[in-house]
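A short worksheet on the structure shown next.
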Amino acid sequence: MKKILWLVNIPLPEASILMGAPPLPYGGWLVNSSKALATVADIQLFIAFPKKNIKGYKMISGQKIEYFAFERIRKRKTNLIENNPHLNQILDNIKPDLVHIHGTEYLHTLAMTNICRTKAIKTIISIQGLLFIVAQHLYASLPAKVIYGFTLRNLLNKDSIYLDKKSFEKSGISEIEALKKTDNVIGRTTWDKANTLQINPQINYYFCNETLRESFYQHQWELKNCERNTIFLTQGQNSFKGLHYIIEALPLILQQFSNTKVYVSGPDITKTNTIKAKLLRTYYGKYIRNRIKKSNLQDYFFFTGVLNEQEICDRYLKTHVFLCPSSIENSPNSLGEAMILGVPSIASYVGGIPDMLEHKKEGFLYQTDAPYMLAYYICKLFSNDEVAIEFSKAARNRAKITHCKDENTRQLLKIYRSLI
């Protein structure tokens, strides 16, 4: 029996429920993958994650997986990065054959890498995003007043766009150190491979795609069932997710399709109807609100709130066009989910996106800071059902291969066994 320890950034749904908390609507790609691994006869899976209000660590027994919630590592506690006693104890408890670290974004990645080097435990890091690269794209063609502007919330949380860039750059230092201290990484795109090898030319790079959330394998988009002339974005809170680009494109779209609607999942960052909403508003949210109001687009934007797995799947299925307008991405699962459902998709030509979707065959790719081209491609899909259906079929066929649950599990096991 080989013991595999996953280090992840959030509790998986089973762990949340066992701790008496509602499951988080994030990190869905880990769920199906962990379930598949937990059923493999010669693999025993353990999953560790940081948790608020935990001192030391706590063990939680799931049906087939043992979970370990550990104390979060704060930036000021450098001793917990160099020699973390809680992660040390977890490793001593499990004695894993391999530690698989998902993501480089948080300090526990470097902490775990440090301890595993000391204990001579093999590690492999999955590249999700790379903050030190994302930092270079946070400004996303925004005016200086938005980059440097701040609200009370931004001031208290230190999360204006400018301060986020500084924070991402600082986090990037630990990301780079962790990648230099590990011998193995898992990636999915040319973008993450290029950035990883530029940091550590000696690293062993393994390719393995990600498995999506279960609901997205069970449904298929059909043009006749969608709400015509609708656009869906899964995120709008962060500047690099590009919500402001669709605001620039929409007036051009409305010239041809006056009934267009834009749905954005997540909290309404423009809301000001309560004192609490005003206090929680970021300067980027204020900017988005002012841009929408200035262009008289209030009747065309709809924020859905945070959606669970089934709700977001339903929203995809009702959508005419899925849009990913980010200024940087590695391999966004939102685009993968749209493709496997068959929702006609448009995405910016950035990061690893060109490795996921082929332009004019499976969808449209456009220059991220060219909203006029975005408008052109959206109108093209709104006006041409034949192209929309052709893209839907081609993207779905591609995604069935990219996100095949069985194949991705086989590939992950192959990597694990080669290392062990």
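The values are calculated or read from the model by the stated rules, or taken from the named source; none is laboratory data. The structure displayed is predicted, hence computed values, not measured ones. All Cβ positions, glycine included, derive from the backbone under ideal geometry; neighbour counts span all protein chains shown.
Tell me whether segment 293-304 contains one or more residues that are at negative phi, in contact (Cβ under 8 Å) with a residue 60 or more places away in the chain and assigned to a loop (DSSP other than H, G, I, E, B). Steps first, answer last, please.
Initially, segment 293-304 is screened for residues at negative phi, giving 293-295, 297-304.
Next, from what is left, pick out any that are in contact (Cβ under 8 Å) with a residue 60 or more places away in the chain: 303.
Of the ones still in play, those that are also assigned to a loop (DSSP other than H, G, I, E, B) are none.
No, segment 293-304 has no match at all.
Please state which one of TRP6, TRP29 is modelled with pLDDT under 95 and of a type in the set (Phe, Trp, Tyr). Explain how you work it out, then say what you get.
Numbers: TRP6 fails: modelled with pLDDT under 95.
When all the criteria are applied, what remains is TRP29.
Only a single criterion out of (1) assigned to a helix (DSSP H, G or I); (2) out of contact with any helix residue (DSSP H, G or I) (no Cβ under 6 Å at 6 or more places or on another chain) is not satisfied by MET339, namely (2).
When THR319 is tested against (1) surrounded by 22 or more Cβ atoms within 10 Å (Cβ to Cβ); (2) out of contact with any strand residue (DSSP E or B) (no Cβ under 7 Å at 6 or more places or on another chain); (3) not in a helix (DSSP H, G or I), only condition (2) is not met.
Here ASP92 meets each of (1) in a helix (DSSP H, G or I); (2) within 20 Å of ASP192 (Cβ to Cβ) with one exception, condition (2).
Contact annotation: residue pairs with Cβ atoms under 7 Å, 6 or more positions apart or on different chains, pairing a residue in segment 20-33 that is touching a residue at least 40 places away in the same chain (Cβ under 8 Å) and under 20 Å from GLN235 (Cβ atoms) with a partner that is assigned to a loop (DSSP other than H, G, I, E, B) and of a type outside the set (A, V, I, L, M), are PRO25/ASN308; GLY28/ARG213; TRP29/GLU210; TRP29/THR211; VAL31/ARG213.
Counted as qualifying within segment 35-83 are the strands (runs of 3 or more DSSP E) with 3 or more residues that are in the same structural domain as ILE101 (by TED's automatic domain parsing) and within 22 Å of the chain's Cα centre (by Cα), namely 43-51.
Residues to consider are ILE346, ILE312; find the one that is out of contact with any Leu (no Cβ under 8 Å at 6 or more places or on another chain), of a type in the set (A, V, I, L, M, F, W, C) and buried (at least 21 other Cβ atoms within 10 Å of the Cβ).
Details: ILE346 fails: out of contact with any Leu (no Cβ under 8 Å at 6 or more places or on another chain).
ILE312 is the lone residue from the list that is out of contact with any Leu (no Cβ under 8 Å at 6 or more places or on another chain), of a type in the set (A, V, I, L, M, F, W, C) and buried (at least 21 other Cβ atoms within 10 Å of the Cβ).
Could you list, ordered by first residue, the pairs with Cβ atoms under 7 Å in which the first is in segment 189-216 and farther than 21 Å from GLU329 by Cβ and the second is among the charged types (D, E, K, R), at least 6 apart or interchain? That search, which allows pairs on different chains as well, returns ASN200/LYS180; ILE203/ASP183; ASN204/ASP183; SER215/GLU309.
Residue-level analysis places GLY149 among those that are touching a helix residue (DSSP H, G or I) at 6+ places or on another chain (Cβ under 8 Å) and surrounded by 14 or more Cβ atoms within 10 Å (Cβ to Cβ).
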